[in-house]
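To keep things clear, I will list the structure first and then write my remarks on it.
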Amino acid sequence: MAERPTGSGGREGQQLADGADTDRDRAEQLRLATLREYRILDTGPEEAFDRVTKMVADLYDAPIALVSLVDDCRQWFKSAYGLDASETPRDISFCQYVLAQHEPVIITDVLGDPRFRDNPLVTGEPFIRFYAGVPLRAYNGAILGTLCVIDRKERGTLAERELARLEDFAAIIMAEADLRRIVAQRDEARQTLERALDFSGIATWRYDARTGAIQWSGAVAELWGADFHTALADIGGFFERLHPDDRDAVRAVLDESVANGSHYATEYRIQHPERGVRWIAVRADWDVNTTDAILTGISIDITEQKSRQENANLLMRELHHRMRNLFATVSAIISLTRHAATDVDDYVERITGRLDALNRAQNVLLGANFMTGSMHALLREVEAAFPRIRWSGPDLLLPENALVAMALVFNELATNAVKHGALSGAAGDVDVRWTQDPEGIDPRLFRLTWIETGNDGPIGPPEKTSFGTLLMERSVRNNLGGTIERRWEPTGLVLEITLPARWRDA
């Protein structure tokens, strides 16, 4: 077998050593983190710990007994019986050896041990000659420090029973420390929950059905008012804050819950002293962990949800109304167009054009708030369908019925211009202009002019009045309450519409 190079063994040993150091560092970091989790360092004296060190000193007939917690650079005494010092450096402590060995350490001949003979705690106060320390083990196994017995004179080792008893006292100390840790974590969790409730806008409460008292926490001031401590201390104050119209209904729900022990869930309005009428939703149940009649629940402000729901209901009613109007309009157009059409192709063409006009109006309404539409937006739709139409005028907001009527008017005018008017020739175009009188003028009017120009040949009036013309006149006179006048110039139609000025600026 070939001989292994001497260097490789050294490198391997170094790697193992480095790995061990890393493990020790990680274990020490975990130990220090666990120690801080107990929140016990640098706290004041406590009788529960001092009682144990006094009992240990008496039981072992020793002048000194310590509860020592080892930090990164010191050992600090939570309880020190027979010693005035509150801490000593870690590098001269005896307790560090308990941490290193993970087991009890007993030193009966301090002066004969080279680790301790020159220690300042041996050569000076408290002149240690005997030391017995047992680990203080945390819930996760980490050793936080020691319970130790110290004597200024040499003495024999502890018997097995004596050592076991000392470990029992260490377990008592850790039980007390764990109780502190759990209480601190509980308090911290409660504070975190209360902060979360504050930020979430949720109030929690406990109602005593026997006394009528109510206890509140969370975002109570936001939901109920800053005076909730006094105003809502009992059930009477709670009902005073409810909206008068909701009190009887809420009382009935609460009475049923109290009588039957059932869930309590309802929604109601309150009169918030700073924010006015608000909607509140509550959910609650009875506390099964106690024999007391305690109803525990939460309150949430649902005003915004209610507002959105009301808006959605209003929108649905408006859409339903619009759909009925639209179907009625479509039905009338289909019926009347059927009588005016000369054949099937003419019928399809006329129907398609008029439905396109309705679609333009719906596009404008959908692009706004469903109930009003912009005059400019409508003319942009018309211009997209008939590119040679030019327009100018103030932007106005038209209600749905007026927008549909104007869409039909523009469609009939543009369709006729394509078939018989200025748009039938390559050079023709249409100019649409409108104005609206300023406020204060009586009568205040809206005026629109349709002017066809540029046609090569003369254009005259049609031989008979078409359904489109009747539809246009009906829209202006019946739906908009205005008048319509037309005349034919050689280059095309000139039309003037006059309406009461009821529309506001966009």
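The values are calculated or read from the model by the stated rules, or taken from the named source; none is laboratory data. For clarity, every value in this text was computed on a predicted model and none was experimentally measured. Neighbour counts are summed over all protein chains in view; Cβ atoms, including those assigned to glycine, are modelled from backbone coordinates with ideal geometry.
When you check residue 104 against the structure, is it modelled with pLDDT of 95 or more, surrounded by fewer than 20 Cβ atoms within 10 Å (Cβ to Cβ) and either in contact with a strand residue (DSSP E or B) (Cβ under 9 Å, 6 or more places away or on another chain) or within 18 Å of residue 34 (Cα to Cα) (or both), yes or no?
Answer is yes for this residue.
For segment 238-254, indicate whether the set of residues that are within 29 Å of residue 195 (Cβ to Cβ) and exposed (fewer than 15 other Cβ atoms within 10 Å of the Cβ) is non-empty.
Residues of segment 238-254 that are within 29 Å of residue 195 (Cβ to Cβ), as a first pass: 238, 241-242.
Then drop every residue that is not exposed (fewer than 15 other Cβ atoms within 10 Å of the Cβ), which leaves none.
No.
Restricting attention to segment 205-226, does a residue exist that is basic (Lys, Arg) and in the same structural domain as residue 277 (by TED's automatic domain parsing)?
Taking every residue of segment 205-226 in turn, at least one turns out to be basic (Lys, Arg) and in the same structural domain as residue 277 (by TED's automatic domain parsing).
Can you spot a residue in segment 285-297 that is out of contact with any Cys (no Cβ under 6 Å at 6 or more places or on another chain) and assigned to a helix (DSSP H, G or I)?
Initial filter on segment 285-297 (out of contact with any Cys (no Cβ under 6 Å at 6 or more places or on another chain)): 285-297.
Subset that is assigned to a helix (DSSP H, G or I): none.
No, the conditions are met nowhere in segment 285-297.
Outside any helix (DSSP H, G or I), buried (at least 18 other Cβ atoms within 10 Å of the Cβ) and touching a Pro at 6+ places or on another chain (Cβ under 9 Å) - does that describe any residue in segment 218-236?
For segment 218-236, residues outside any helix (DSSP H, G or I), buried (at least 18 other Cβ atoms within 10 Å of the Cβ) and touching a Pro at 6+ places or on another chain (Cβ under 9 Å): present.
Residue check, residue 188 against (1) closer than 30 Å to residue 130 by Cβ; (2) at pLDDT below 95, all met but one. Which one?
(1)
Results for (1) buried (at least 18 other Cβ atoms within 10 Å of the Cβ); (2) of a type in the set (Lys, Arg), shown as yes or no for each residue.
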residue	(1), (2)
117	no, yes
123	no, no
130	yes, no
144	yes, no
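Name the one entry in 395, 431 that is at pLDDT 85 or above, out of contact with any Cys (no Cβ under 9 Å at 6 or more places or on another chain) and closer than 18 Å to residue 505 by Cβ.
Result of the check over 395, 431: 395.
Would you mind stating whether residue 123 is among the β-branched types (Val, Ile, Thr) and more than 29 Å from residue 27 (Cβ to Cβ)?
yes
For (1) surrounded by fewer than 19 Cβ atoms within 10 Å (Cβ to Cβ); (2) within 27 Å of residue 164 (Cα to Cα); (3) among the hydrophobic types (A, V, I, L, M, F, W, C), each residue gets a yes or a no:
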position	(1), (2), (3)
33	yes, no, yes
41	yes, yes, yes
51	yes, yes, no
54	yes, yes, no
78	no, yes, no
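Can you name the residue in segment 484-506 that is in contact (Cβ under 8 Å) with a residue 60 or more places away in the chain and within 14 Å of residue 432 (Cβ to Cβ) and is also surrounded by the most Cβ atoms within 10 Å (Cβ to Cβ) among such residues?
492
Counting only residues that are modelled with pLDDT of 70 or more, outside any helix (DSSP H, G or I) and not hydrophobic (A, V, I, L, M, F, W, C), how many does segment 1-55 have?
Qualifying residue count for the region: 7.
Given the conditions (1) without any contact (Cβ under 8 Å) to a residue 24 or more places away in the chain; (2) surrounded by fewer than 16 Cβ atoms within 10 Å (Cβ to Cβ), which single one is not true for residue 87?
The one condition residue 87 does not meet is (2).
Give just the number: which of (1) assigned to a loop (DSSP other than H, G, I, E, B); (2) among the aliphatic types (A, V, I, L, M); (3) exposed (fewer than 14 other Cβ atoms within 10 Å of the Cβ) does residue 183 not satisfy?
(1)
The conditions are (1) touching a Pro at 6+ places or on another chain (Cβ under 9 Å); (2) assigned to a helix (DSSP H, G or I); (3) free of Cβ contacts under 8 Å to residues at least 60 places away in the same chain, and residue 380 fails exactly one of them. Which is it?
With (1) touching a Pro at 6+ places or on another chain (Cβ under 9 Å); (2) assigned to a helix (DSSP H, G or I); (3) free of Cβ contacts under 8 Å to residues at least 60 places away in the same chain applied to residue 380, the lone miss is (1).
Please go through segment 434-461 and pick out each residue that is at pLDDT 85 or above and more than 60 Å from the chain's Cα centre (by Cα).
Selection gives 453 alone.
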